[in-house]
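Asks: Okay, here's the structure, questions in a sec.
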Amino acid sequence: MKKRLDEIVEEAITALNTFEDHHDLMNLKSRFVGKKSELMGFMKKLGSLPKEERPIFGQTINNAKNKILDKFNEIEEKLKNLEYEKKIASNKVDFSMPGRPPLRGNLHPLTQIWREIEDIFISMGFEVAEGFDIEDEFHNFDALNTPKDHPSRNLADTFYIGNDRLLRTQTSTVQIRVMENFEPPIKIISPGRCYRNDKPDASHSPAFHQVEALVVGEGVTFADLRDTLNGFVVKMFGSKIRSRFRPHFFPFTEPSAEIDIACVNCGGKGCNVCKHSGWLEMGGAGMVDPNVLDNLGIDSEKYTGFAFGLGIDRITMLKYNIPDIRLLFENDLRFLKQFK
Ligand SMILES: [Zn+2]
């Protein structure tokens, strides 16, 4: 029997060395050490042997079985490694390929235009002054000569946040703070965020951006205002774009005007953008009301000044042909990615 067991072990090892696939391997295992194998048959015969011979034969059979199982485990391990290598090869990973570059962000179109506006005014000798988004009624209304019953003070137009505090409705508040604290000559722009209780639509947003300019000095005239504004429009939109003033009223300037520029889309011929008028409203302007100067301790007999305000959102929309102001605030990447 010992001889037969050795033969079985040899047969098993030879067979295992020539296995073909996993299925084959399981068949071999069942054939040599399975319940119906010849080896297990010997195990069953153990009971018919004399008691004293049983341990020796039992051990011999177990040794043979373990030899076959060791070989089986060795081959199975080898098979697993082979399959893993095959898998890697079929994935065709090319480790020499360059990696994917990380996504690069870009500045928001409003920020780009904001910076361009600052650069233009700085090149014209202006300084940039910034103020607070949260203001008091004095700086937002009183100091700007706005009557107590003026509709812009209404809750329907202004966000009040209690204790005489409100979200500024214009960046003119910065001009007031500069005039309170500095002697003329003053030559500043104040870009910033403003808030009005407007229902959002294609051209209105409750939060928006303005840039205001203020010049106060001896002998400052309306001609200087026109000159400065034209200079800005030409640098921003090109030399062919004309601008015009229409008489208007603002509490803090006298005389006051509304500023129009020739439609940047059609050049003044008339199109959908300008509602076929050839002109686009850009903001308001005027000579600083002497009352405003006197209230802030600046001698209106000696000094004069002009101020104007423009919408940064409006300029951005015109520059990039953006049809709806809400696009500027929705943070939609499909929109923002276009401004690289
Ligand atoms: Zn037009």
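Any read-out appearing in this document is the output of simple, stated calculations on the displayed coordinates, not a laboratory observation. Quick caveat, the model's predicted, so the values are computed rather than measured. No Cβ is skipped: glycine too gets one built from the backbone with ideal geometry, and neighbour counts run over all protein chains shown.
Asks: Using Cα positions and a limit of under 23 Å, work out the lysines in reach of K319, with same-chain residues fewer than 8 apart set aside.
Replies: K235, K240, K269, K275, K337, K340
Asks: Which three extents, in angstrom, do the Cα atoms of the chain have along their principal axes, listed largest first?
Replies: Principal axes ranked by extent give 134, 50, 34 Å for the Cα atoms.
Asks: If you don't mind, another one. For each pair in K29/K65; K36/K65; K65/K86; K148/K302, compute the distance between the two Cα atoms and list the pairs where it is over 20 Å.
Replies: K65/K86; K148/K302
Asks: Continuing with this model, one more query. Please say if segment 268-339 is rounded, prolate or oblate, where rounded means a/c under 1.5 for a ≥ b ≥ c the square roots of the C-alpha gyration tensor eigenvalues, and otherwise the choice is prolate for a/b larger than b/c and oblate otherwise?
Replies: It comes out oblate by the Cα gyration axes.
Asks: Can you return the aspartates and glutamates within cross-link range of K3? Criterion is Cα-Cα under 15 Å, with same-chain partners fewer than 8 residues away left out.
Replies: Within the straight-line limit of under 15 Å, K3 reaches these aspartates and glutamates: E11, E38.
Asks: Now for a different question. Under the Karplus relation 6.51 cos²θ - 1.76 cosθ + 1.60, θ = phi - 60°, what is the ordered set of whole-Hz ³J(HN,Hα) values for segment 184-200, x standing for Gly and Pro?
Replies: Once θ is set to phi - 60°, the couplings for segment 184-200 become x, x, 10, 8, 10, 10, 10, x, x, 8, 10, 9, 9, 6, 9, 6, x Hz.
Asks: Per the Cauchy relation, a quarter of the hull surface: what is the mean projected area of the convex hull of the alpha carbons in segment 145-284, in nm²?
Replies: Working: hull surface 40.5 nm².
Over every viewing direction, the Cα hull of segment 145-284 projects on average to 10.1 nm².
Asks: I would also like to ask the following. Which aspartates and glutamates have a Cα less than 16 Å from the Cα of K92, not counting those fewer than 8 places away in the same chain?
Replies: By straight Cα distance, K92 reaches E83.
Asks: So what's Rg/Rh here for segment 2-91, counting alpha carbon atoms and using the Kirkwood radius for Rh?
Replies: Taking Rh as the inverse mean 1/r over Cα pairs, Rg/Rh reads 1.12.
Asks: Test of understanding: ordering M1, M43, M97 by Cβ neighbours within 10 Å, fewest first, what list do you get?
Replies: Least to most surrounded, the residues fall as M97, M1, M43.
Asks: Here's a follow-up. For a quick check of your reading of the filter: which trypsin sites (Lys or Arg not before Pro) in segment 244-297 sit in a DSSP loop and have no more than 14 other Cβ atoms within 10 Å?
Replies: Qualifying residues, ordered by number: K269, K275.
Asks: For E127 and A202, what does the FRET efficiency come to when R0 = 45 Å and r is the distance between their Cβ atoms, rounded to the nearest 0.05?
Replies: 0.85
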